[in-house]
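Remarks on the structure that follows.
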Amino acid sequence: MASRVIPVSPFDLVLFGATGDLARRKILPGLFHRFEAGQIPAGCRIIGAARREMDVAGFQTFVTSVLAEFAPRARGKDLQQFLTMLDYVSVDARGDRGWDILPGKLRADVVRAFYLSVGPALFAEIATRLSRAGVVTPNSRIVVEKPFGRDFDSARALNRELRQCFAEGQIYRIDHYLGKETVQNVMALRFANALFEPLWNCQHIDHVQITVAESLGVEGRGAYYDHAGAARDMFQNHLMQLLCLTAMEPPSRFEPNAVRDEKLKVIRALDPVPQSDIVRGQYRAGVDSGSYLQDTGNPDSLTESFVAMKLQVSNWRWAGTPFYLRTGKRLRARLSEIAIIFRDPPHAIFPQMDNRRGNALIIKLQPDEGITLRMTIKEPGPGGMRLTEAPLDMTFAEALGAEIKVPDAYERLVMDVIRGDQTLFMRGDEVEAAWEWIDPMIRAWEESESRPAPYDSGGSGPEDALMLMHRDGRRWREIEA
Ligand code: BG6
């Protein structure tokens, strides 16, 4: 099966932070791949904007070296054509330099996208300067990366500042998890199949587990991470989004506000979580890796690199069915999955069924995208009725054919910005609601100055996280690659 490519309309994309890490690793390679796939038509322009003084030729050389590292297929005619789309302006986000040059680089009749791949402290400042420079047209959009605030107040203030320059319909708040192909598949699986939805509720589902485990540590981002921690870095955004897609009601249409309204309702239905249902952890040194305290250079840090919580979505569909969520760094493997654990059959007719385990639907998000359905079947052979478990396994790569290339989340998201489709971007009220819910919990542990529980690098997280499930007579799925 080959994927269909529909070209987008002509655009001018101004990439602020064009020489930064995210631009190098994700955005520039992503744009090249979309160009190579035929989705970006000739005549589109990508204008790098950064503090560094450079001319266009310098930027082309820079992008060539970036692509050599992060998009090794970029060669020959495709690369040459891609380079002709580039332009560059040296701007000072905090000063006046360069802002008078930018308007002359933009065309009146095409989509304008201003992508802020910069630190969050610059979001409002750049938006204001764009507005002052007179370049914000009705056909303009602004893209902001996470973190979107560090609590409810700062997120609300940032929303207010952005909305002074751009309408809500022009603001694209990125959560790259929403751009992941399999995360979108959660919606397809639920709402394009009639099989699961009748069972998708507290009557049939015992509990849900959402795991986003990383094997890496803080990797040179210690200063940022130590100020954030797992709750702000991963939980408030990526895990909450996975929870929303799993727990939401079917929207009436696959349309940006219909989808985001339903996600917002999930966040608003979340009960506050008592500290007894939260486990925070911090990784110890491993055989060849430093401890969290060494990696961040902060021997007194009380910041968590792991967090697990038991949540309750208080609505008709989910009453009494808990959601257990966990995320952490330096765990046994890189693995993200949503596991729907169904209730046991109501009555046991087979002798062995005392140890029965309910069916489970595992949606594997990464690294190997696919779904597995845990079934109980008869163990083959004569001599009685013995039962065993067998997975019904489907890896999307196998099912759809090797020629299907799963695009990186950023490729999808940048094209959606140009198309003007906000479905996979967080709305302002959604981000605020997520902060409003998590803020009191973060504040409580920060004020108590409690120390996160240490856990072994390469393990499954702190013992207390296992207990969070054990005390309810449940257990986490293994973190295995
Ligand atoms: C980012 C976090 O948003 O997501 C990082 O800031 C984390 O700390 C990353 O490593 C994980 O993303 P992915 O796509 O590798 O699962």
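The values are calculated or read from the model by the stated rules, or taken from the named source; none is laboratory data. Just so we're clear, the structure is a prediction, and the values are computed from it rather than from any experiment. Here the Cβ is made from the backbone with ideal geometry for all residues, glycine too, and neighbour counts use every protein chain on show. Areas reflect the complete protein model, heavy atoms only, side chains present, ligands, DNA and RNA absent. Shrake-Rupley method; radii C 1.70, N 1.55, O 1.52, S 1.80 Å.
Only one of the numbered conditions (1) under 25 Å from Arg190 (Cα atoms); (2) in contact (Cβ under 8 Å) with a residue 40 or more places away in the chain is not met by Pro345, and that is (2). Scanning segment 150-170 for residues that are within 14 Å of Arg427 (Cβ to Cβ) and either within 16 Å of the ligand (Cβ to nearest atom) or outside any loop (DSSP other than H, G, I, E, B) (or both) yields Ala155, Arg156, Leu158, Asn159, Leu162, Arg163, Glu168, Gly169, Gln170. Considering every residue within segment 270-287, establish whether at least one is open to solvent by less than 60 Å² (accessible area, probe 1.4 Å), under 23 Å from the mean Cα position of the chain (by Cα) and within 27 Å of Tyr172 (Cα to Cα). Checked segment 270-287: at least one residue is open to solvent by less than 60 Å² (accessible area, probe 1.4 Å), under 23 Å from the mean Cα position of the chain (by Cα) and within 27 Å of Tyr172 (Cα to Cα). Among all residues of segment 223-233, there is at least one that is hydroxyl-bearing (Ser, Thr, Tyr), within 11 Å of the ligand (Cβ to nearest atom) and open to solvent by 60 Å² or more (accessible area, probe 1.4 Å). Please verify whether Ala444 is at pLDDT 95 or above, surrounded by fewer than 17 Cβ atoms within 10 Å (Cβ to Cβ), closer than 17 Å to Phe306 by Cα and out of contact with any strand residue (DSSP E or B) (no Cβ under 6 Å at 6 or more places or on another chain), treating the condition exactly as stated. Here the answer is yes, as Ala444 does meet what is asked.
The set of residues in segment 459-469 that are more than 12 Å from Lys310 (Cβ to Cβ) and either crowded, with 18+ Cβ neighbours inside 10 Å or of a type outside the set (Asp, Glu) (or both) comprises Gly459, Ser460, Gly461, Pro462, Leu466. Filtering Tyr177, Tyr172 for residues that are in contact with a Phe, Trp or Tyr (Cβ under 7 Å, 6 or more places away or on another chain) and open to solvent by less than 50 Å² (accessible area, probe 1.4 Å) leaves a single hit, Tyr172.
Applying the set (1) within 16 Å of the ligand (Cβ to nearest atom); (2) part of a helix (DSSP H, G or I); (3) open to solvent by less than 50 Å² (accessible area, probe 1.4 Å) to Cys244 leaves exactly one unmet item: (1). Looking at segment 344-357, can you tell me whether even one residue there is within 24 Å of Leu239 (Cα to Cα) and within 32 Å of the chain's Cα centre (by Cα)? No. Checked against the criterion of being touching a strand residue (DSSP E or B) at 6+ places or on another chain (Cβ under 7 Å) and surrounded by fewer than 17 Cβ atoms within 10 Å (Cβ to Cβ), the candidates Arg112, Arg107 yield just one match: Arg107. Pairs meeting the criteria (first residue in segment 348-366 and loosely packed, with under 14 Cβ neighbours inside 10 Å, second residue of a type in the set (Lys, Arg) and at pLDDT 70 or above, beta carbons under 9 Å, at least 6 apart or on different chains) are Arg357/Arg374.
The set of residues from segment 180-209 being closer than 18 Å to Ala258 by Cα and within 16 Å of the ligand (Cβ to nearest atom) comprises Val183, Gln184, Asn185, Val186. Is segment 128-139 home to any residue that is away from the ligand (no atom under 16 Å from the Cβ), buried (at least 18 other Cβ atoms within 10 Å of the Cβ), in contact (Cβ under 8 Å) with a residue 40 or more places away in the chain and outside any loop (DSSP other than H, G, I, E, B)? Checked segment 128-139: no residue is away from the ligand (no atom under 16 Å from the Cβ), buried (at least 18 other Cβ atoms within 10 Å of the Cβ), in contact (Cβ under 8 Å) with a residue 40 or more places away in the chain and outside any loop (DSSP other than H, G, I, E, B). I'm checking my understanding of the structure. Among residues of segment 377-406 that are in contact with a helix residue (DSSP H, G or I) (Cβ under 8 Å, 6 or more places away or on another chain), over 30 Å from Ala37 (Cβ atoms) and not basic (Lys, Arg), which one is most open to solvent (accessible area, probe 1.4 Å)? Here the answer is Met385. Among the criteria (1) more than 10 Å from the ligand (Cβ to nearest atom); (2) open to solvent by less than 10 Å² (accessible area, probe 1.4 Å), the one Gln236 does not fulfil is (2). Selection of first residues in segment 311-337 that are within 16 Å of the ligand (Cβ to nearest atom) and of second residues that are in a strand (DSSP E or B) and among the basic types (Lys, Arg), restricted to Cβ pairs under 6 Å at least 6 apart or on distinct chains, gives the following pairs, ordered by first then second residue: Glu337/Lys364.
The single condition among (1) under 18 Å from Arg427 (Cα atoms); (2) open to solvent by less than 10 Å² (accessible area, probe 1.4 Å); (3) within 16 Å of the ligand (Cβ to nearest atom) that Val259 does not satisfy is (3).
The set of residues in segment 275-290 being of a type in the set (Gly, Ala, Ser) and either touching a residue at least 60 places away in the same chain (Cβ under 8 Å) or under 13 Å from Glu219 (Cβ atoms) (or both) consists of Gly281, Ala285, Gly286, Ser289, Gly290.
Of all residues in segment 200-218, those that are part of a loop (DSSP other than H, G, I, E, B) and open to solvent by 10 Å² or more (accessible area, probe 1.4 Å) have Cβ atoms under 7 Å from Cβ atoms of residues that are away from the ligand (no atom under 16 Å from the Cβ) and of a type in the set (A, V, I, L, M), 6 or more apart or on another chain, in Cys202/Ala319.
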